Amino acid sequence: MSGKFRVGDKEIRYKVKRGNSSKYLSLKLKPNLELEIILPHGLKLDVEEILNKRRAWIEETYNKLLNARKIFDNNRILYRGGLYNIRTIHRTKNGSKVESDEKTKTITIYANRKDS
């Protein structure tokens with residue numbers, strides 16, 4: 001089961017799962033800002049009631065995740081206060097090295113290729 005939950009001006013997606021080994025109700029806000037609700041197997045609980053009771057925690061945690069500065073973002077990394085593109089070059093030479101280019105905001109990683 002899945003749905004949406006409104007907290008202030010935000011709409012938060014949620015997914016409900018049943019946990020086979022879970023004895024307790026669990027709420028987890030994932031990095032993609034989707035709320036995962038894990039219900040103990042065999043226990044009937046009202047999801048809307050759970051969401052309303054935990055509204056303050058959900059909103060606080062959502063805002064923390066929303067405003068957190070990410071170190072990695074797809075193929076970019078936070079470096080010296082800015083996001084740099086990551087480029088990996090495999091080579092057969094011994095030794096690895098890393099170079100950064102302030103102009104193009106690129107970090108190049110020269111890595112050894114493992115030959116079998």
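The values are calculated or read from the model by the stated rules, or taken from the named source; none is laboratory data. Fair warning: this is a prediction, and the values are worked out from it, not measured in the lab. Positions of Cβ are backbone-derived with ideal geometry, glycine not excepted, and every protein chain shown enters the neighbour counts.
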- line: For the range 90-116, the count of residues that are exposed (fewer than 12 other Cβ atoms within 10 Å of the Cβ) and either part of a strand (DSSP E or B) or among the acidic types (D, E) (or both) equals 6
- prompt: Inside the range 20-56, can you point out the residues that are small (G, A, S), under 30 Å from N67 (Cα atoms) and touching a strand residue (DSSP E or B) at 6+ places or on another chain (Cβ under 6 Å)?
  reply: S26
- prompt: Of the conditions (1) at negative phi; (2) at pLDDT below 90, G95 fails just one. Which one is it?
  reply: (1)
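Matching residues to (1) of a type in the set (G, A, S); (2) over 20 Å from the mean Cα position of the chain (by Cα):
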{"residue": "I50", "(1), (2)": "no, yes"}
{"residue": "I58", "(1), (2)": "no, no"}
{"residue": "Y62", "(1), (2)": "no, no"}
{"residue": "N75", "(1), (2)": "no, no"}
{"residue": "R80", "(1), (2)": "no, yes"}
{"residue": "K93", "(1), (2)": "no, yes"}
{"residue": "T108", "(1), (2)": "no, yes"}
{"residue": "A111", "(1), (2)": "yes, yes"}
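Of the residues K28, K4, K64, K15, only one is in contact (Cβ under 8 Å) with a residue 12 or more places away in the chain, more than 30 Å from A111 (Cβ to Cβ) and not in a loop (DSSP other than H, G, I, E, B); which? Walk me through how you get there before you give the answer.
Values: K28 fails: in contact (Cβ under 8 Å) with a residue 12 or more places away in the chain; K4 fails: in contact (Cβ under 8 Å) with a residue 12 or more places away in the chain; K64 fails: in contact (Cβ under 8 Å) with a residue 12 or more places away in the chain.
Residue meeting the stated conditions: K15.
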